[in-house]
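A.B. asks: Okay, handing you the structure first.
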Amino acid sequence: MSTTQGMPPESSPPADTARRGRTDHRHRHLERIAEVRAGRGAEKVGYPIHVREAAVVRTAMVGSGLLRVTLGGPGTAGFEAHSPDEHVKFLFPEPDGTLRLPVPDGHMLRWPKPSPTSREYTVRRYDPETGELDVDVALHEGGLGSDWALAARPGDTVHVAGPPGGLIVPHNYDRYLLAGDITALPAIARWLEELPRDAAGWAFIEVAGPDEEIELAAPTGFEVRWLHRGDVPAGASGLLADAVRAVRVPDGERVYAWVAGEAGSIKPLRRWVRDELGLAKADHDITGYWKRGVADFDDDDHEHHDH
Ligand SMILES: Cc1cc2nc3c(=O)[nH]c(=O)nc-3n(C[C@H](O)[C@H](O)[C@H](O)COP(=O)(O)OP(=O)(O)OC[C@H]3O[C@@H](n4cnc5c(N)ncnc54)[C@H](O)[C@@H]3O)c2cc1C
């Protein structure tokens, strides 16, 4: 049995719009990205979604906490990357060895039920010239995705679905507040690279220690703060929320806040962003990327069905 999730072919946008409660722009996503970028508030824009078989080209450590897996081969040709926190799903075989893949259906994918075993990773880089696609995987004990990345060798293949879309944020905010743990670091690194060079703001990143810090190409107007949690397990320190809540936004300035990381540790920031910063929905995005003790965690606010 299978179901179609999200946008059916271009011919039926009204029904789809009603079901999703918002307008879908997958049939004109590049125009929509340009419109949102030129506007005053952020919006998640859906892209046409594909599933691809990609080959591992190489792997390399980035700092002591992230393993960069570079994918390529014919399958990654034509991949699209437009926003810093867009993600792909890696699809893994089931315990019995079978691989159940979604099939293309218009601008969307038709997914088997129950959903195949998968994990989500940020698109750290896509180079249209070489077709290379980088994802940076945070290494940790007992993770299917983490173990797969550690074992990955050139020539291995993996199926990759997405990105389903991306959060498009105008570049006219006075300041940007970016915060996360090592799972959010690939997105924060992209944010800092892709913002205009005269952008200003703060970036807070919680890591175990200095060895996990990486080079960041931040605009000069950014204050980058690495927070070291030492021996405290990942996701168990209150460091990130405490540091972020000490930020004081200058009066009258418009700020965009983006936060991701362990669900419990970023929870206090949801209220702070709303009540203390007073940010509207279009001016912030806060997503639990994983949760201590839960495999394949899925944040309710996260639009995974858009795959
Ligand atoms: C939109 C999005 C983008 C993401 N981008 C990235 C990315 O670029 N790089 C990245 O590494 N992760 C990223 N993540 C988080 C990643 O999907 C989760 O950490 C995922 O659980 C990892 O899968 P796993 O198979 O390794 O572990 P699972 O099998 O899911 O979990 C097994 C156990 O490990 C724990 N665990 C999971 N992740 C971690 C961790 N990082 N540190 C310590 N314990 C952990 C779980 O709580 C569970 O107890 C992203 C998540 C989302 C939703």
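The values are calculated or read from the model by the stated rules, or taken from the named source; none is laboratory data. Since we're looking at a predicted model, the values are computed, not measured. Please note: Cβ atoms are built from the backbone with ideal geometry, for glycine as well, and neighbour counts cover all protein chains shown.
A.B. asks: I need the full set of residues from the stretch 182-212 which are within 16 Å of the ligand (Cβ to nearest atom) and in a loop (DSSP other than H, G, I, E, B), in order please.
C.D. replies: I182, T183, A184, A208, G209, listed by residue number.
A.B. asks: Run A199 past the list (1) over 18 Å from the mean Cα position of the chain (by Cα); (2) closer than 24 Å to H171 by Cβ; (3) surrounded by fewer than 20 Cβ atoms within 10 Å (Cβ to Cβ) and report the number of the one that doesn't hold.
C.D. replies: Checking A199 against (1) over 18 Å from the mean Cα position of the chain (by Cα); (2) closer than 24 Å to H171 by Cβ; (3) surrounded by fewer than 20 Cβ atoms within 10 Å (Cβ to Cβ), the one that fails is (3).
A.B. asks: With respect to D299, is the statement that it is out of contact with any Phe, Trp or Tyr (no Cβ under 6 Å at 6 or more places or on another chain), outside the structural domain of T117 (by TED's automatic domain parsing) and surrounded by 13 or more Cβ atoms within 10 Å (Cβ to Cβ) true?
C.D. replies: For D299, the condition - out of contact with any Phe, Trp or Tyr (no Cβ under 6 Å at 6 or more places or on another chain), outside the structural domain of T117 (by TED's automatic domain parsing) and surrounded by 13 or more Cβ atoms within 10 Å (Cβ to Cβ) - is met.
A.B. asks: Can you tell me which residue in the stretch 33-77 is farthest from S118 (Cα to Cα), limited to those that are touching a residue at least 12 places away in the same chain (Cβ under 8 Å) and acidic (D, E)?
C.D. replies: So, considering only residues that are touching a residue at least 12 places away in the same chain (Cβ under 8 Å) and acidic (D, E), the one farthest from S118 (Cα to Cα) is E43.
A.B. asks: Next question, about the same structure. If you scan the stretch 93-134, which residues turn out to be assigned to a strand (DSSP E or B) and within 22 Å of R292 (Cβ to Cβ)?
C.D. replies: S118, R119, E120, Y121, T122
A.B. asks: Scan V244, V232 and give me the residue that is assigned by TED's automatic domain parsing to the domain that holds L177, closer than 26 Å to K44 by Cα and aliphatic (A, V, I, L, M).
C.D. replies: Step by step, each of V244, V232 is checked, and only V244 is assigned by TED's automatic domain parsing to the domain that holds L177, closer than 26 Å to K44 by Cα and aliphatic (A, V, I, L, M).
A.B. asks: Which one of V255, V244, V259, V294 is modelled with pLDDT of 95 or more, within 30 Å of G142 (Cβ to Cβ) and touching a Phe, Trp or Tyr at 6+ places or on another chain (Cβ under 7 Å)?
C.D. replies: Numbers: V255 fails: within 30 Å of G142 (Cβ to Cβ); V259 fails: touching a Phe, Trp or Tyr at 6+ places or on another chain (Cβ under 7 Å); V294 fails: touching a Phe, Trp or Tyr at 6+ places or on another chain (Cβ under 7 Å).
Criteria check complete, one pass: V244.
A.B. asks: Within the stretch 278-300, does at least one residue satisfy the condition of being of a type in the set (G, A, S), in a strand (DSSP E or B) and within 20 Å of the chain's Cα centre (by Cα)? Lay out the reasoning, then the answer.
C.D. replies: Keep residues of the stretch 278-300 that are of a type in the set (G, A, S), which gives 278, 280, 282, 288, 293, 295.
Adding the requirement that they be in a strand (DSSP E or B) leaves 288.
Retained after the next criterion (residues that are within 20 Å of the chain's Cα centre (by Cα)): 288.
Yes, that holds for at least one residue.
A.B. asks: Something else about it: Across the stretch 111-160, what is the number of residues that are of a type in the set (D, E) and more than 10 Å from the ligand (Cβ to nearest atom)? Give the steps one after another, and end with the answer.
C.D. replies: Residues of the stretch 111-160 of a type in the set (D, E): 120, 127, 129, 132, 134, 136, 141, 147, 156.
Add one more test, that the residue is more than 10 Å from the ligand (Cβ to nearest atom), and what stays is 127, 129, 132, 156.
Residues that pass the stated criteria total 4.
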